[in-house]
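Working notes, beginning with the structure itself.
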Amino acid sequence: MWPLPVHLKGAAAEFYSRAGKELVKAGILTNLDFESYCAMCSAYHLMMEALAEVDKAGMNVSGSRDEVKKNPSSSVFKSASEIFLKYASQFGILPGARANWDISSNGPDMFDDFLSKKVLDDKSRP
């Protein structure tokens with residue numbers, strides 16, 4: 001995994017590390033993906049920041065003339081979410097995106113091992 005870029009802060013930095021480790025382990029993230037992966041992390045940060053603003057101020061806010069209007073952060077959240085979801089789909093972060101991927105195991109399955117031991121234990125009982 002690459003070192004954390006200095007421009008990624010807060011939720012972006014947390015997501016970068018957490019998801020990056022899993023994507024590298026799965027063999028999905030390569031050196032060609034650096035910029036687009038950082039863009040996805042930035043979109044995640046914007047999404048979470050906008051959500052925090054909506055949580056703090058509410059869905060509606062007072063305008064300059066004391067009129068009630070939609071919180072602008074909800075539009076930022078919507079846009080950032082759409083961008084994040086497009087990238088997340090490309091990186092296989094969404095379950096639906098992985099549905100057609102071949103993720104077959106290269107070795108024995110731990111659950112199969114457990115079942116075979118359980119069956120052996122059951123057969124050895126009187």
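The values are calculated or read from the model by the stated rules, or taken from the named source; none is laboratory data. Here the structure is a predicted model, which means the values were calculated and not measured. Virtual Cβ from ideal backbone geometry, glycine too; neighbours counted across all protein chains shown.
Quick grid of which residues meet (1) within 22 Å of Ala26 (Cα to Cα); (2) modelled with pLDDT under 90; (3) in contact with a His (Cβ under 8 Å, 6 or more places away or on another chain); (4) hydrophobic (A, V, I, L, M, F, W, C):
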position: Lys69; (1), (2), (3), (4): no, no, no, no
position: Phe77; (1), (2), (3), (4): no, no, no, yes
position: Asp102; (1), (2), (3), (4): yes, yes, no, no
position: Ser105; (1), (2), (3), (4): yes, yes, no, no
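Pairs only if they're at least six apart or on different chains, beta carbon under 6 angstrom, first in the stretch 20-34 and touching a residue at least 40 places away in the same chain (Cβ under 8 Å), second not in a helix (DSSP H, G or I); list them, first residue then second.
Between residues of the stretch 20-34 that are touching a residue at least 40 places away in the same chain (Cβ under 8 Å) and residues that are not in a helix (DSSP H, G or I), the close pairs are Leu23/Leu29; Ile28/Gly92.
Which one of these does Asp113 not meet: (1) over 30 Å from Phe34 (Cβ atoms); (2) at pLDDT 95 or above; (3) among the charged types (D, E, K, R)?
(2) is the only condition that Asp113 fails.
Scan the helices (runs of 4 or more DSSP H) fully inside the stretch 2-95 and keep the ones with 3 or more residues being of a type in the set (Ser, Thr, Tyr).
Those helices (runs of 4 or more DSSP H) span 34-57, 72-90.
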